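The block underneath contains the structure these notes are about, expressed in structure tokens.
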Amino acid sequence: MFFLIYVSAAVTWFSPSELRALLDRSRARNAQAGITGMLLYQDGNFMQALEGEESVVRALEARIAADLRHRGMVTLCTGNTEQRQFPDWSMAFHDLGAADLAVPTGYSDFLATPLDSQLFRQEPGRCRELLQVFRQLG
């Protein structure tokens, strides 16, 4: 199973209704294409994990890179894994700025790291760790 994780910045902040519309469209397309993953949003920045057949994920990566609603897309890591990390989600979502976000004990500093941080670029494994925290939250 191929996976890819990237970060990007929104050109303008997304309102909750704009995020919901983006998720609805993405979920429908991803389900049809056999792509699963997770999207994190924080202060106008995105981090997204995509997984599926490599050619399909790469085609989606190109489409996302051409989307004018964001800029500065940086692919942080790619690779293969034996099984999907997000098998039940065509696109799981968490808004890290949400007031009702339940943060696991001991992770508050880690989760406060901006999604476009150099930390994630220098240590891509931290991206996977962050996404796994939210996978466990469901």
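Go through D67, D43 and list them by solvent-accessible area, largest first, probe radius 1.4 Å. Provide the component values of the computation, followed by the final result.
Values: D67 40, D43 90 Å².
Heavy-atom accessible area, descending, gives D43, D67.
Just check the range 6-49 against the gyration tensor rule for me: Cα atoms, a ≥ b ≥ c as the square roots of the eigenvalues, rounded for a/c under 1.5, and otherwise prolate or oblate depending on whether a/b exceeds b/c.
Details: a/c = 2.78, a/b = 1.49, b/c = 1.87.
It comes out oblate by the Cα gyration axes.
How far is it, in nm, from the label point at T78 to the one at Q32 when both lie 7 Å from their Cα along the line to the Cβ?
2.4 nm
For A65 and R25, FRET efficiency with R0 = 25 Å and r from the beta-carbon atoms, rounded to 0.05? List each step's numbers first, then the result.
Values: r = 17 Å, r/R0 = 0.68.
Taking R0 as 25 Å, the efficiency between R25 and A65 is 0.90.
Calculate, axis by axis, the spread of Cα positions in the range 1-102 along the three principal axes, and write the results as whole Å, longest axis first.
Principal axes ranked by extent give 35, 29, 23 Å for the Cα atoms.
The values are calculated or read from the model by the stated rules, or taken from the named source; none is laboratory data. Note that this is a predicted model, so its numbers are computed, not measured. Heads up, the Cβs are rebuilt from the backbone with ideal geometry, glycines too, and the neighbour counts pull from every protein chain shown. Side chains are part of the model used for accessible areas, which takes the heavy atoms of the whole protein and leaves out ligands, DNA and RNA. Shrake-Rupley method; radii C 1.70, N 1.55, O 1.52, S 1.80 Å.
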